[in-house]
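This report refers to the structure that appears directly beneath it.
Every number in this text was worked out from the coordinates using simple rules, so none of it is lab data. Fair warning: this is a prediction, and the values are worked out from it, not measured in the lab. Please note: Cβ atoms are built from the backbone with ideal geometry, for glycine as well, and neighbour counts cover all protein chains shown.
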Amino acid sequence: MFRWFAPLLLFAGKPEVLVRVVTAAIAGAVLAFGVWLLSNVAVTLDTLKNPYIIEAYGAVLLCFFIGVGAVTWLRLRRLSTPRALAPSRPQQAPPLPPEIVTRRAEEISKKWQRGRSVLPDKAVERLPPAAAAAPTAPEQPEGPVRATLLVVGPAYSGKTALVAALVQATGADAERPSDTVRLVDGAAIEGDQRQLAGLADAASAADGVLFVVDQDLRAPEAAAIKRLAATRKPLSIVLNKADQFNATDRDAILLSIRAKMPAKFPPDRVVAVAATPSPVEREIEDAGGAVRVELRRPSSDTAALSRLLNKLFAPAPGRTLRFEAKPRSGI
């Protein structure tokens, strides 16, 4: 008995085909009924021999067949037209608790601290001369000084490299009118109270502060940031060497830094950059088919910080910001 229902299983995965078949069957049945009705009416009209009745019945039957055909055609056309799916609202992942974010950032910082050594000497020797040292920015006429920023942070966080990367990124376009932002490279944060007091005085004399770190905030950095925030000068936290972390670890560190900032600190002032990205291996094939491996250093990535500084210290209309390095401050 089940073999009679086997053809119906073909429509189990495609219900729209089954709907079309049923619609066509209903339309066929209606048309067959119309033909049967027409034949019986024809016999009746042949008996009556009245032309007016014949014309009336003909008009009614014509409207009937036109209506049935139009409804069937529209129904089949609607079924054949694919329906546009309603745009699904992207599901946002629930935010992680601050405890989990802080614990993950601390684990990353400890791991980064243990393996903080730079590339081996033999790898550095393989670097091309042009990639080993960034070229100096071309000299150009100095524009109006828009702001003076103090660049501070813990030792080996890449403050000097960040200053050089910003200067190099804006020094290529010498013909475009620009406003100058002076970057004062401050001393490394040591954590003693005398240095923090001098750091706060230097920040009060500047127009803003860039606090550069290369991992999650520790107690000395958090104390220094608290003193700098008390000066009421624009403060930006820059996570340098972001290329050393994968996207998940980098985001965890950024979230942990934002959670440790003072109350009402704008979260968009915590950005990630890579002033001097680590070299990566590239396979190069010459004309003879021989493949050699060379280390190439990617370009600096300071776009997020440049956008932030252009927002905080917007240049005059029609001008851009040009960064200028000042000698190291003896703070």
Output ³J(HN,Hα) for the stretch 252-259: one whole-Hz value per residue in order, computed from phi by the Karplus curve 6.51 cos²θ - 1.76 cosθ + 1.60 with θ = phi - 60°, and x for Gly and Pro. 5, 5, 4, 5, 5, 5, 4, 5
Residues of the stretch 296-310 with backbone N under 14 Å of the label point set 7 Å from the Cα of S278 along Cα→Cβ are 296-298
Mind listing the phi-derived Karplus ³J(HN,Hα) values for the stretch 200-209, rounded to whole Hz, using 6.51, -1.76 and 1.60 with θ = phi - 60°, and x for any glycine or proline? 5, 5, 5, 5, 5, 7, 8, 9, x, 9
Cut-off under 5 Å, modelled amide H: who pairs with L183 long-range: L149, E324, A325, K326
Output ³J(HN,Hα) for the stretch 289-304: one whole-Hz value per residue in order, computed from phi by the Karplus curve 6.51 cos²θ - 1.76 cosθ + 1.60 with θ = phi - 60°, and x for Gly and Pro. x, 6, 10, 10, 9, 10, 8, 10, 9, x, 5, 5, 10, 10, 5, 4
Please report the net charge: other residues with Cβ closer than 12 Å to the Cβ of A304, K and R +1, D and E -1. +2
Based on other C-beta atoms within 10 Å, arrange K326, K241, K260 from fewest to most. K326, K260, K241
Based on Cβ point charges of +1 for Lys and Arg and -1 for Asp and Glu, what charge dipole magnitude is obtained for the stretch 207-331 about its Cα centre, in debye rounded to the nearest 20? 980 debye
Peptides 302-310, 62-70: what's the order by average Cβ count within 10 Å, highest mean first? 302-310, 62-70
When V209, V271, V30 are arranged by how many other beta-carbons sit within 10 Å of their Cβ, fewest first, they go V30, V271, V209
Please report E107, E324 as a ranked list, fewest other C-beta atoms within 10 angstrom at the top and most at the bottom. E107, E324
If amide hydrogens are placed 1.01 Å from N in the peptide plane, which non-local residues have theirs closer than 5 Å to the one on D216? S109
Using amide H atoms built 1.01 Å from N in the peptide plane, name the residues 5+ places from G208, or on other chains, whose amide H lies under 5 Å from its own. T148, L150
